[in-house]
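Trainee: What follows is a structure written as structure tokens; I'll ask about it next.
The values are calculated or read from the model by the stated rules, or taken from the named source; none is laboratory data. It should be emphasised that the depicted structure is a prediction, and the values quoted were computed from it without experimental measurement. All Cβ positions, glycine included, derive from the backbone under ideal geometry; neighbour counts span all protein chains shown. Only protein heavy atoms, including side chains, enter the accessible area calculation; ligands, DNA and RNA are left aside. Shrake-Rupley method; radii C 1.70, N 1.55, O 1.52, S 1.80 Å.
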Amino acid sequence: MTLVDENKVIPVVPLRGGAVFPGVTTTISIGRPRSLAAAQAASQADGDIMILAQFNSEIDLPGEEELTPIGILATVRDVLRTSHLGVQMLVELRRRVQFDGLVDTNPYLTGTFSEIDDGSDAQADELMAEAIAYLEQYAETLGELNRQVLASLRSHETAGQLADYLAGILNIPFEIELDLLLSVHGVERLTIVRDFLEKELRIAEVRSKIQQEAQDGASQAQREFLLREQMKAIQKELGEDDANALGEFEEKIVAAEMPEDIERKAREELKRLERIGNHSAEASVIRTYLEWLVELPWSKTTEDNFELGQVREVLDSDHYGLDDVKDRIIEYVAVRKLAGKQMRGAIVNLNGPPGVGKTSIATSVAKAMGREMVRISLGGVRDEAEIRGHRRTYIGAMPGRIIRALRDVNSRNPVIVLDEIDKVGADWRGDPSSALLEVLDPEQNHSFTDHYMEVPFDLSQVIFITTSNQLATIPAPLLDRMESINMPGYIEDEKLAIAEGYLVKKQLDGHGITDVTIDFEHEAVQTIVRYYTREAGVRQLERNIGSIVRKLAVRVANGESGPFEVSSASIDEYLGPEKFSYGLAEEKDEIGVATGLAVSSFGGDILSIEVSLSEGTGKVQLTGSLGEVMQESAQAALTYARANARNLDLDPAIFDKTNIHVHVPAGATPKDGPSAGLALATAIISAFTRRPVRRDVAMTGEVTLRGKALQIGGLKSKTIAAHRAGIKVVLMPNDNAKDIPELPERIKDDLELICVSHLDDVLEIALLNANESSFGPSDDPDTGEEGVPIPPVPTGNGSNNRPMTASSQGN
């Protein structure tokens, strides 16, 4: 061993992320300028250099505290520059030394050292042999056995030398390298290396075993067989073998009480599952299919409640009015009581505006009959598979909503509510409404076949209740399969009864103040109905009541104990200023303004039709978002007026000198249909004859070129809207007289319902006598036109068609 003066200042090179050990000659990569300068300085001198390990590799210019207290004294043999490895320093690593400190840092690190007494290093033959044995096994396991390296292992005389040599050739983590570097006891170092080798050997053996097993199982069939056999052995030990799973399916098939042909198919699928094994890729598909088969309620039903009085009582307790729906359910229960299971399920469509209780009455039906209820929303559904399911060939296939609903309620005779059936769409994935044809057809649904199940299921005992806001968007074949019950909306008395009997209590319960005395006066509820809502249903009414209850809840939470009284005078304190006006549609009798009646998906409503005349060339302008049919009605009305100008005491030439503008307010709302024909004709004739239209009269009916009044639909909704608006007289076509008995009693009592057959009858009732004026500036300062004198209008035109009131029709 060549000694070096301990007081000698020599260059220092810090290493980042690793350490070196004495006893070998190796190359070290140099990257930092200071380290390169130190290596070159040592190479130009006597070659002595001290190599230290750096604790934190992130520091570029380490101080003494960042360097290990023990380093390696080495001799620089050469400094090499390569294109792909950079600067390499060839050094002979000689021995451990104690790092005493840095002397200078510029232009490179220099420091001093002191020798370490390594006298504790000794032979440990058994430990050395064990470490060599571990290394041989490790190298053999990795397939990297090098005889030359193994031979050189036995040339080391002490445990420390062997430990340093092994540390230099093994890929040891940096933390363990530091422990080895800082340890001056050879036996201790070799023990650390031996433990590391033992751990790595175990990991290598596991990896080798896995690779060997993977190679042994190269054949997929053999591999699956071995795994199945092993799995069977494991399941057998756990008592969970396939035989038990198959036996459970067998028991479930028997318990399901399927029809004979369906049970046969289930057993065939079970045999397939047993034949291909429970761990085949197809096995999971078969198993899922079998689970669906045995979980469907093939024979499970709920007992119907045949007590008609009790059924009616439940329906009345949940909903006010809606007698048509309730009567239909009572009829079904009565027939089912007499006919038994020969009676098929009802298929009923409830059509009406939002908020009238279509969906909630369906829930009450199930409750009254003692049946399970499930709701399926069809709004926006565009995929046929939502109804019929997907075929099993698709990944993730599952049954459609109908089968899933039956599985969920575990009964084959539930009440299924198909909500928003008028909003079903269609695209490239199919037409769900076509799939519903089989579901809602009593002649077909006894053998409804889902694409996934591929076996028929009997839906004939199911009560289907569909809801819609309008019938126009429901395909005709689908509508033909349903019994449609119209729910046009509530009159004021019904809304008051619903609010006082249901909504107020519901809101008090929902806001946790049922124990507080709150008195909603009848007049207060009436004020809310008249001045804060304008709807066919009661949703806005419920929201307004909820708003009042919330404000009362705040007062209760602040410590007030009540009692509270909600009066008509205090409504504006809770809800703000009135939002709607109540009373007649028009403030006064006006010329050229008639009140029509219309129906939309939100219920009935009134239409204020305005006609304005101006000097011109006979141009006709129609505004107010009118559809083609409504525009044609206006043209027909104008043609009638022109054709009968002399009967109306008008100069026919006036139509060629006058521009006509027909407008229906609420221009952002599209309007269409022929039922405004009478109102359009009345407004046009009023504008030309200067006879005001009675503001308390509303009318509905299609008009022909000959002035005949033709039948219209939606009379109940229209009369309810007229009643809501304060109209006193409603004119309707003769052909609609048959619909009068179906109107609510309050409507028939408060409104004068007059049936007419001709436009002349309408004009006689709706038009007032004309003032002495002419269509010109001399008598009508508002027009600013040079008009044509108009003679007095006679009270009739000699027609034999006389007005016919509801009473004259026997209603």
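Trainee: Residues in region 660-667: is at least one assigned to a helix (DSSP H, G or I) and at pLDDT 90 or above? Give the steps one after another, and end with the answer.
Mentor: First pass over region 660-667, keeping only residues assigned to a helix (DSSP H, G or I): none.
No, region 660-667 has no match at all.
Trainee: Any residue in region 514-538 that is closer than 15 Å to VAL566 by Cβ sitting within a Cβ distance under 6 Å of a residue that is at pLDDT 85 or above and among the β-branched types (Val, Ile, Thr)? List the pairs, counting only those 6 or more apart or interchain.
Mentor: VAL516/VAL556; PHE520/VAL504; PHE520/VAL566; ALA524/VAL566; ALA524/ILE571; THR527/ILE571
Trainee: Tell me, which residue of region 519-568 that is of a type in the set (Gly, Ala, Ser) and in contact with an Asp or Glu (Cβ under 6 Å, 6 or more places away or on another chain) is most open to solvent (accessible area, probe 1.4 Å)?
Mentor: Per the stated criteria, the residue is SER568.
Here's the yes/no breakdown for (1) within 28 Å of LYS300 (Cα to Cα); (2) at pLDDT below 90; (3) surrounded by fewer than 20 Cβ atoms within 10 Å (Cβ to Cβ):
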| position | (1), (2), (3) |
| --- | --- |
| ILE387 | yes, yes, no |
| THR393 | no, yes, yes |
| ALA397 | yes, yes, yes |
| GLY400 | yes, yes, no |
| LEU406 | yes, no, no |
| SER434 | no, yes, yes |
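Trainee: Can you run down the residue pairs with Cβ atoms below 8 Å, 6 or more apart or on separate chains, where the first is in region 435-447 and without any contact (Cβ under 8 Å) to a residue 12 or more places away in the chain and hydrophobic (A, V, I, L, M, F, W, C) and the partner is surrounded by fewer than 18 Cβ atoms within 10 Å (Cβ to Cβ) and part of a helix (DSSP H, G or I)?
Mentor: none
Trainee: Okay, moving on. Which of the numbered conditions does LYS506 fail, given that it passes all the others? Conditions: (1) charged (D, E, K, R); (2) crowded, with 16+ Cβ neighbours inside 10 Å; (3) modelled with pLDDT of 85 or more.
Mentor: Single failed check for LYS506: (2).
Residue-wise test of (1) of a type in the set (A, V, I, L, M, F, W, C); (2) loosely packed, with under 15 Cβ neighbours inside 10 Å; (3) modelled with pLDDT of 85 or more; (4) part of a loop (DSSP other than H, G, I, E, B).
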position	(1), (2), (3), (4)
ASP46	no, yes, yes, yes
ILE49	yes, no, yes, no
LEU52	yes, no, yes, no
LEU61	yes, yes, yes, yes
GLY71	no, no, yes, no
ASP78	no, yes, yes, no
ARG81	no, yes, no, no
GLN88	no, no, yes, no
VAL91	yes, no, yes, no
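Trainee: When you go through ALA725, ALA721 one by one, which is the residue that is modelled with pLDDT of 80 or more, touching an Asp or Glu at 6+ places or on another chain (Cβ under 7 Å) and surrounded by 17 or more Cβ atoms within 10 Å (Cβ to Cβ)?
Mentor: ALA721
Trainee: Hey, any hits in region 353-366 for a residue that's of a type in the set (A, V, I, L, M, F, W, C), at pLDDT 85 or above and farther than 30 Å from ARG534 by Cα?
Mentor: Yes, the conditions are met somewhere in region 353-366.
Trainee: Restricting the search to region 495-527, which residues are assigned to a helix (DSSP H, G or I) and farther than 24 Å from ASP316 by Cβ?
Mentor: GLU523, ALA524, THR527
Trainee: Turning to a different aspect of this structure: Please enumerate the residues belonging to region 453-496 that are open to solvent by less than 30 Å² (accessible area, probe 1.4 Å), within 24 Å of LEU541 (Cβ to Cβ) and either over 31 Å from the mean Cα position of the chain (by Cα) or among the hydroxyl-bearing types (Ser, Thr, Tyr) (or both).
Mentor: Listed by number, the residues that qualify are THR467, SER468, TYR490, ILE491, GLU492, LYS495, LEU496.
Trainee: Please determine whether any residue of region 477-487 is part of a loop (DSSP other than H, G, I, E, B), closer than 30 Å to ILE329 by Cα, modelled with pLDDT of 85 or more and out of contact with any Asp or Glu (no Cβ under 8 Å at 6 or more places or on another chain).
Mentor: Checking region 477-487: at least one residue is part of a loop (DSSP other than H, G, I, E, B), closer than 30 Å to ILE329 by Cα, modelled with pLDDT of 85 or more and out of contact with any Asp or Glu (no Cβ under 8 Å at 6 or more places or on another chain).
Trainee: Could you check how many residues of region 21-42 are closer than 29 Å to SER155 by Cβ and buried (at least 17 other Cβ atoms within 10 Å of the Cβ)?
Mentor: Result for region 21-42: 5.
Trainee: If the requirement is being of a type in the set (Ser, Thr, Tyr) and modelled with pLDDT under 90, which of these qualifies: THR533, THR595?
Mentor: Only one candidate passes the filter, namely THR533.
Trainee: Moving to a separate point now. Just one of (1) over 27 Å from GLU282 (Cβ atoms); (2) assigned to a helix (DSSP H, G or I); (3) not hydroxyl-bearing (Ser, Thr, Tyr) trips up PRO442, so point out which.
Mentor: (2)
Trainee: Would you please list the contacts, defined by Cβ atoms under 9 Å and residues six or more apart or on different chains, that run from a residue in region 244-270 that is within 30 Å of MET231 (Cβ to Cβ) to a residue that is at pLDDT below 80 and not in a helix (DSSP H, G or I)?
Mentor: ALA245/ASN278; LEU246/ASN278
Results for (1) closer than 23 Å to ILE262 by Cα; (2) assigned to a loop (DSSP other than H, G, I, E, B), shown as yes or no for each residue.
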| site | (1), (2) |
| --- | --- |
| HIS390 | yes, yes |
| ILE395 | no, yes |
| MET398 | yes, yes |
| ILE403 | yes, no |
| ARG412 | yes, yes |
| LEU459 | yes, yes |
| PHE464 | no, no |
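Trainee: A further question on this structure: Confirm whether GLU745 is at pLDDT 50 or above, under 24 Å from ALA687 (Cβ atoms) and open to solvent by 60 Å² or more (accessible area, probe 1.4 Å).
Mentor: No.
Trainee: Closer than 23 Å to ASP572 by Cα and either acidic (Asp, Glu) or in contact with a His (Cβ under 9 Å, 6 or more places away or on another chain) (or both): does that describe GLU523? Please lay out each step first, then the result.
Mentor: Details: closer than 23 Å to ASP572 by Cα: yes; either acidic (Asp, Glu) or in contact with a His (Cβ under 9 Å, 6 or more places away or on another chain) (or both): yes.
Yes.
Trainee: Also, I was wondering about something else. If a residue must be in contact with a Phe, Trp or Tyr (Cβ under 8 Å, 6 or more places away or on another chain) and closer than 30 Å to PRO353 by Cβ, how many such residues does region 386-414 contain?
Mentor: 2
Trainee: Right, next: May I ask you to list the residues in region 364-383 that are open to solvent by 10 Å² or more (accessible area, probe 1.4 Å) and within 14 Å of THR301 (Cβ to Cβ)?
Mentor: GLY370, ARG371, GLU372
Trainee: Can you name the residue in region 592-632 that is acidic (Asp, Glu) and under 21 Å from LEU471 (Cβ atoms) and is also surrounded by the fewest Cβ atoms within 10 Å (Cβ to Cβ) among such residues?
Mentor: Kept after step one, since they are acidic (Asp, Glu), are these residues of region 592-632: 605, 610, 615, 628, 632.
Among the residues that remain, those that are also under 21 Å from LEU471 (Cβ atoms) are: 605, 628.
Details: ASP605: 23, GLU628: 8.
For region 592-632, the residue satisfying everything is GLU628.
Trainee: Does any residue in region 643-659 that is within 10 Å of GLY618 (Cβ to Cβ) come within less than 8 Å, Cβ to Cβ, of a residue that is part of a strand (DSSP E or B) and open to solvent by 70 Å² or more (accessible area, probe 1.4 Å) six or more places away or on a different chain, and which pairs are these?
Mentor: The qualifying pairs are LYS657/GLU615; THR658/GLU615; ASN659/GLU615; ASN659/GLN621.
Trainee: What are the residues in region 359-388 that are more than 19 Å from LEU436 (Cβ to Cβ) and assigned to a loop (DSSP other than H, G, I, E, B), if any?
Mentor: Hits for region 359-388 are GLY370, ARG371, GLU372.
Trainee: Something else now. Does region 415-428 include one or more residues that are over 23 Å from GLY537 (Cβ atoms), of a type outside the set (Ser, Thr, Tyr) and either without any contact (Cβ under 8 Å) to a residue 40 or more places away in the chain or touching an Asp or Glu at 6+ places or on another chain (Cβ under 6 Å) (or both)?
Mentor: yes
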